[in-house]
Structures are given as C-alpha cells and as structure tokens.
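The values are calculated or read from the model by the stated rules, or taken from the named source; none is laboratory data. Please read these numbers as outputs of a predicted model, since none were measured by experiment. When we count neighbours, we look across all protein chains shown, and the Cβ atoms used for this are built from the backbone with ideal geometry, even at glycine.
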2 protein chains.
Amino acid sequence: MTIQESGAARPAGRPRSEKAEKAIIEATLDLIAEGMGVSELSIEAIASRAGVGKTTIYRRWSNKEDLVVDALSTLKAPLPPLSGTSVRDDLITLLEAMRTESGHQRGRCVMNIAMSEADRHPRLMERFVKRAIEPRRLALREVIERGVATGELRPDLDVAMGMAILSGTMMWHTKWGPAGDLPADLPERIVDAALAGMAP
Amino acid sequence: MTIQESGAARPAGRPRSEKAEKAIIEATLDLIAEGMGVSELSIEAIASRAGVGKTTIYRRWSNKEDLVVDALSTLKAPLPPLSGTSVRDDLITLLEAMRTESGHQRGRCVMNIAMSEADRHPRLMERFVKRAIEPRRLALREVIERGVATGELRPDLDVAMGMAILSGTMMWHTKWGPAGDLPADLPERIVDAALAGMAP
C-alpha cells in the first residue's frame, strides 16, 4: 500500500520528502509521455530523471506499479464540490472537471499511453480505475439518481445509459475535438443536449 | 500515394502479390500490438516478421507511413449499406459497425496504441482519420441531417452535438464496457436513448 492510499501522516523530520516525491512523480509522467511507456519504465530511469537515489524512491513506493498508480492519479482533478441543489448545475460541474483536465497536453498524452498499455498491465489499470475513475463515476451516478428521485429526470431513466451519454459525449470531444482548450460552454451544451432526452 | 489510395488495378502476372500484401499488413499490425508502436516500427522488422524481402514491401509502399496508414485502415469495417428509409434503423446500422469492430481485441489494442502516438505522428494520423474516420462521420452526419429534413428529428437539432452523443456513447462503452463482445442490443439502446432527446 502506498503512502497516499494508506492516508498515513508523513513521518516528521523529513522536510525535503515532499519535494522529492513531487520530482519523482513528475519524472515518472515525463518519461511515460516521452514514449518510454509503462512497460519500459524503470526505477533506475525515474531516479536518474528525478535526480534522486533509487532508495529515495523505494522508501516511498515498494515497486513500479505503486508509483505509476500514484503518478497517473495525480492527473485526475479531485472531485469538485457539488451544490447538491440543481441536478443540471452539478452535471455541468462534473463535466467541467473533465474539460479542464483535457486541456493539459501532457496529461492527455500520458493517459492515452497508459490506456494503450492497459492489456499488458491489467492489475495496474484496475487499481488506477478504482482509485481515480470510480469515485467520479459514483458521483455522476449519485447526481443522476438524485434527479430521478426529485423528478428533475424521467422516472424510467436508464441511469447507466445516462452516465454513458454524459461521459461519452465529453470524452468524444476530448478525443476528436479541436486541439487546445475545449470551449468553456461545452459542458453546459452537452448537459442540455443530454437532458433533452432525460427530462420527464 | 499507395495502391489502395490510388485505386489502380494491380499489375497482372503477380499471383502471389495479394498474399504478400496481406502478410505485410498483418505483420505491421502484430508488431504494433506487441508494443513496438509506430515509432519503433521499421521496414526491416516488418519484412522479417512477414517473411518477405524489404524490396517486396518497397514495391508496394514507398515508406513506413504509407504502410501504417493502410494497415490501420484495414481495422475499420467498410461503411455498411444504409436503408435510407428509417433514420433510427440507419443510426443503429452505423453504431453496429462500431460495435463489431470493438470486438476485435487486436484491432482495439492497435488503435489505442496508434492514438497514443498521434502527437508524435500528426501527419500519419491525419491521413488515417481522413481515410478511415471521415467517411463514417460524413455518413452519420448525412443520416442525422436527413432526419432533420424529414421531420424524424427536431428541426432545431444541433447536428454536431447529435453526432458526438451517438458516437461518444458508443465509444464510452468500447472503452469502459465489460471486456469481450458488447451486447448485441447495445446500438439499438444507445440510439433510442439518444433519439429521446433528438426527436421533435
């Protein structure tokens, strides 16, 4: 289990440890983005790029998989706070988090590479999905279910399909949309288009 | 320009040429799928895997990019024939082609890898998109525009958003859906969910 997963407090008296940790995470993401991929990545290469010794890495992560799961998870924005009042507003907030992320060129590149290697590293990807993707899916599901309960959405709505429409339409734009930042009003436009079929 | 792009007839008197071409395409896709990726791929490696000489490859493709564009394009099913009567039926037919493709494990893997390298090979990806993706987008756009014209779809429909919803929701399932074949009724369910918001 990694430090982040355990949520344990950092040992006192290591003022440089956070800086080193950040350098190690950045080195990991840089090397993946530059085409080394997850398979070829090594603790040696990461240590060299980060300017730290291998033991500094092993003090924090017991193996490459733990480190990569942590590094990939930093690419996902934390779950945004939701108002809990308007379902439309909360859906826009959730899609806006996806839009912001997609504007980060390196992050997009690293995620594409990692996904392309998913078949070769199923356990790593499973852990990443569990840590970074599932909490968002759950948040999206809860907002949609709330909408069904309050009557803002159709009582017979297929919740899983509604999730796929919202996430998938946003994902389509991050994949096929114009390079650079996606338009600021995109989350709102997607939500309104999707709600046209989901409202009572 | 490659043979396939020019559409020129094959020279007579080369009975083995089609077999060699197929072996070369398969070798290219296998090597990409096994993790060589597009960048590291070489004509030498492809020739060796296909069991042909390098000149056999250069007789058909003048460079690696031409060959990779052809190889990737074989992963995309040809455009299915559309009835041209019911918009709903034609949309289901178009999504069914996406579903069938996604059931091919190697093809999915190769496409993921190629997309992850898109930034490093922009011209190659641009040619691939133009050849294999744009005809489908055009077909989808035409069906939706026909629906608007006939009144099967809302007169004020945002056609581009409708395309993104249909393709994106299907794409979401190919990316995050359960491993193995996607359910046979998925295209119909997606189309009906999307049409709920697109019908007049």
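For the structure I just gave you, tell me whether A:V87 is hydrophobic (A, V, I, L, M, F, W, C) and under 23 Å from B:N112 (Cβ atoms). Give the derivation first.
Numbers: hydrophobic (A, V, I, L, M, F, W, C): yes; under 23 Å from B:N112 (Cβ atoms): no.
In short, no.
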- Could you say which residue among B:A132, B:A114, B:A164 is aliphatic (A, V, I, L, M) and under 25 Å from A:I190 (Cβ atoms)? B:A164
- Item | Residues that are more than 16 Å from A:I144 (Cα to Cα) and small (G, A, S), drawn from the range A:63-106 | A:A71, A:S73, A:A77, A:A97, A:S102, A:G103
- Item | Matching residues in the range B:157-183 - criterion: being at pLDDT below 95 and surrounded by fewer than 15 Cβ atoms within 10 Å (Cβ to Cβ) | B:P178, B:A179, B:G180, B:D181, B:P183
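Sort through B:A27, B:A20 and tell me the only one that's modelled with pLDDT under 95, assigned to a helix (DSSP H, G or I) and farther than 17 Å from B:A118 by Cβ.
From the options B:A27, B:A20, the qualifying one is B:A20.
Within the range B:36-85, work out how many residues are out of contact with any His (no Cβ under 9 Å at 6 or more places or on another chain), in a helix (DSSP H, G or I) and within 14 Å of another protein chain (Cβ to nearest Cβ). Give the steps one after another, and end with the answer.
Step one: list which residues in the range B:36-85 are out of contact with any His (no Cβ under 9 Å at 6 or more places or on another chain), which gives B:36-37, B:40-64, B:66-67, B:69-74, B:76-85.
Within this subset, residues satisfying the condition of being in a helix (DSSP H, G or I) are B:36-37, B:40, B:43-50, B:54-60, B:64, B:66-67, B:69-73.
Narrowing the set further to residues that are within 14 Å of another protein chain (Cβ to nearest Cβ) leaves B:36-37, B:40, B:72.
Total meeting the criteria: 4.
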- Message: Pull out all pairs, ordered by first then second residue, where Cβ-Cβ is under 8 Å, the residues are six or more apart or on different chains, the first lies in the range A:32-47 and is more than 19 Å from A:E21 (Cα to Cα), and the second is basic (K, R) and surrounded by 14 or more Cβ atoms within 10 Å (Cβ to Cβ).
- Response: A:G35/B:R120; A:S39/A:R120
- Message: If the requirement is being more than 24 Å from A:H173 (Cα to Cα), of a type in the set (D, E) and modelled with pLDDT under 95, which of these qualifies: A:E44, A:E40?
- Response: A:E40
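In this structure, does A:G7 turn out to be surrounded by fewer than 16 Cβ atoms within 10 Å (Cβ to Cβ), at pLDDT 90 or above and of a type outside the set (A, V, I, L, M, F, W, C)?
On the way: surrounded by fewer than 16 Cβ atoms within 10 Å (Cβ to Cβ): yes; at pLDDT 90 or above: no; of a type outside the set (A, V, I, L, M, F, W, C): yes.
Criteria not met by A:G7.
Kindly evaluate A:G107 against the criterion of being of a type in the set (G, A, S), in contact with a helix residue (DSSP H, G or I) (Cβ under 7 Å, 6 or more places away or on another chain) and in the same structural domain as A:A160 (by TED's automatic domain parsing).
Working: of a type in the set (G, A, S): yes; in contact with a helix residue (DSSP H, G or I) (Cβ under 7 Å, 6 or more places away or on another chain): yes; in the same structural domain as A:A160 (by TED's automatic domain parsing): yes.
Answer is yes for this residue.
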